[in-house]
Amino acid sequence: MKHIVVLTGAGMSAESGIKTFRDADGLWEGHDVMEVASPQGFEANPELVLEFYNQRRRQLFEVKPNAAHNALANLESEYKVTIITQNVDDLHERAGSSTVVHLHGELLKARSTFDENDVVEWKTDLVLGDLCNKGHQMRPHIVWFGEAVPMIEKAIAICETADILLIIGTSMQVYPAASLMHYVTPNTPTYYIDPKPNLDSSKHVTVIAEPATTGIKKWIELLSK
């Protein structure tokens, strides 16, 4: 089986109704990004940060996977498919994809502020006073700005084994995630689906300038040729 490695970003889930956090003015839901997505922001105003992610978590229960998520899950009947996502939602899993690596954490998990490896499932609101077993405050299991990306080494190793690389709905400007495409072996066919692509087509890169749901249909047609 050929191994398809898929890198997905916010544009993958946008058509499900999940807002891309960052607005045109750079704000996240009216907040400066460092207020709600940094260790410093959490230390300064933990209630604000917890409520910001509570709202994101509640919204997640109101949406469902779109046709692009479903198409990737269906590919597993013919290919080995590994998804590396910058998204913190669980839409890939709900669509049926069996191997999903979350680079930036997961909304439906929480972790201890004392031990980053103490991670638990969390599907309700997270508030001040929710403590780990050792009595420390719980926080969203999200990789904030300024924090290490613990899954990046695993993601690099996966990319090194790709027969085909597919990139969907990401600006290719958030690092280290954007660097992953450079870890596939030379000459690996690479496809980039995004309505506003930041890459140009080249000998080994095919750009499909469309949203995820329509772009993936065109890509599957190319794949089957």
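The values are calculated or read from the model by the stated rules, or taken from the named source; none is laboratory data. From a predicted model like this one, the values you see are computed outputs, not experimental measurements. Please note: Cβ atoms are built from the backbone with ideal geometry, for glycine as well, and neighbour counts cover all protein chains shown. Surface areas here come from the heavy atoms of the whole protein model, side chains and all, with no ligands, DNA or RNA. Shrake-Rupley method; radii C 1.70, N 1.55, O 1.52, S 1.80 Å.
Residues that are farther than 28 Å from Tyr191 by Cα and either of a type outside the set (Phe, Trp, Tyr) or touching a Phe, Trp or Tyr at 6+ places or on another chain (Cβ under 7 Å) (or both) within the range 143-171 comprise Gly146, Glu147, listed in sequence order.
Can you confirm whether Val101 is outside any loop (DSSP other than H, G, I, E, B) and surrounded by fewer than 19 Cβ atoms within 10 Å (Cβ to Cβ)?
Numbers: outside any loop (DSSP other than H, G, I, E, B): yes; surrounded by fewer than 19 Cβ atoms within 10 Å (Cβ to Cβ): yes.
Against the criterion (outside any loop (DSSP other than H, G, I, E, B) and surrounded by fewer than 19 Cβ atoms within 10 Å (Cβ to Cβ)), Val101 qualifies.
For every residue, the table says whether it meets (1) in a loop (DSSP other than H, G, I, E, B); (2) out of contact with any Ser or Thr (no Cβ under 7 Å at 6 or more places or on another chain); (3) crowded, with 18+ Cβ neighbours inside 10 Å.
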{"position": "Leu50", "(1), (2), (3)": "no, yes, yes"}
{"position": "Tyr53", "(1), (2), (3)": "no, yes, yes"}
{"position": "Gln59", "(1), (2), (3)": "no, yes, no"}
{"position": "Lys64", "(1), (2), (3)": "yes, no, no"}
{"position": "Ala73", "(1), (2), (3)": "no, no, yes"}
{"position": "Glu76", "(1), (2), (3)": "no, no, no"}
{"position": "Leu107", "(1), (2), (3)": "no, yes, yes"}
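Based on this model, can you work out whether Ser77 counts as in contact with an Asp or Glu (Cβ under 7 Å, 6 or more places away or on another chain) and small (Gly, Ala, Ser)?
Details: in contact with an Asp or Glu (Cβ under 7 Å, 6 or more places away or on another chain): no; small (Gly, Ala, Ser): yes.
When the stated conditions are applied, Ser77 does not pass them.
Where strands (runs of 3 or more DSSP E) fall wholly inside the range 119-225, the ranges with 3 or more residues that are under 30 Å from Gly17 (Cβ atoms) and of a type outside the set (Ser, Thr, Tyr) are 119-121, 138-142, 164-168, 205-208.
If you go through the range 144-179 and keep only what is of a type in the set (Gly, Ala, Ser) and open to solvent by 20 Å² or more (accessible area, probe 1.4 Å), you end up with Gly146, Ala148, Ala157, Ser171, Ser179.
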